[in-house]
Amino acid sequence: ILAAEHGKKVVCVDLDLEAPGLAALFGKENEVRENHGVVDLLLALDGGVDPKALDASKHLIRVSDKDDLYCLPAGIPNAEYARKLSLVNPEAWYREDRNPLRDLITLLGEHLPFKPDVILLDSRTGITHLSGPLLFDLADLAMIVFFPHPQTKTGTGALVRALLAARTRRSTPERPLAPEPRFIVS
């Protein structure tokens, strides 16, 4: 929200697919429409649709009337959403030539009617089949939220070491790029 208030175009993407709620965080859950959202976009991309052929702007919800702040919801969490979610398989995408997750980021970064300055990816806590690729392959910046407790010290330390050793999709042999960790104490 702060980035948008300072004139940046911000797209917040709900990639917590198992427990979608980003639209509700913005008070926009009633604006999420059937067959719109991340899951539908990922399935279209997985089905071979070219990112240039998809109009992701139809899936966005404008969060603020005065700022360029948008939410891309996961979808409406109902029985049909659960059926579609069962078809989402990020592990397989990293074994294929085309990767719908990467294509989604390309779609949002390059094929909206506006050029976002910031794309925020909201994902599940921990390292899952989806949050792992988001952190270690797609993120430029990783916001690590933790409670300062001895138990979290070990896990947070391991996560940071892994992030610093990772190379994002934008890396080249001449310029290796790791996601930059930032910390929020909760």
(message) Given the criteria crowded, with 18+ Cβ neighbours inside 10 Å, out of contact with any Leu (no Cβ under 9 Å at 6 or more places or on another chain) and either touching a residue at least 12 places away in the same chain (Cβ under 8 Å) or aliphatic (A, V, I, L, M) (or both), does P20 qualify?
(response) yes
(request) Among what's in the stretch 163-175 and is more than 12 Å from L135 (Cα to Cα) and at pLDDT below 85, pick the residue that is surrounded by the most Cβ atoms within 10 Å (Cβ to Cβ). (result) S171
(message) So in the stretch 111-122, with the set limited to residues that are open to solvent by less than 80 Å² (accessible area, probe 1.4 Å), under 15 Å from the mean Cα position of the chain (by Cα) and not hydrophobic (A, V, I, L, M, F, W, C), which one is farthest from L41 (Cα to Cα)?
(response) P116
(message) I'm trying to understand the selection: among the residues of the stretch 133-162, which are closer than 20 Å to C12 by Cβ, touching a Ser or Thr at 6+ places or on another chain (Cβ under 9 Å) and either assigned to a helix (DSSP H, G or I) or open to solvent by less than 30 Å² (accessible area, probe 1.4 Å) (or both)?
(response) L134, L135, D137, L138, A139, I144
(message) Taking the conditions exactly as written (under 14 Å from the mean Cα position of the chain (by Cα), without any contact (Cβ under 8 Å) to a residue 60 or more places away in the chain and open to solvent by 90 Å² or more (accessible area, probe 1.4 Å)), does T125 satisfy them or not?
(response) yes
(message) Looking at the stretch 52-84 only, could you name the residues that are assigned to a helix (DSSP H, G or I) and more than 16 Å from the chain's Cα centre (by Cα)?
(response) K52, A53, K58, A79, E80, Y81, A82, R83, K84
(request) Working only within the stretch 56-72, note down all residues that are modelled with pLDDT of 95 or more and either exposed (fewer than 13 other Cβ atoms within 10 Å of the Cβ) or among the hydroxyl-bearing types (S, T, Y) (or both). (result) S57, K58, Y70
(request) Just name the residue that is farthest from D46 (Cα to Cα) out of those in the stretch 82-107 that are among the small types (G, A, S) and at pLDDT 95 or above. (result) A82
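The values are calculated or read from the model by the stated rules, or taken from the named source; none is laboratory data. All values reported here derive from a predicted model rather than from experimental measurement. Cβ: placed from backbone, ideal geometry, glycine included. Neighbour counts: every protein chain shown. Just the protein is used for accessible areas: all its heavy atoms, side chains included, with ligands, DNA and RNA removed. Shrake-Rupley method; radii C 1.70, N 1.55, O 1.52, S 1.80 Å.
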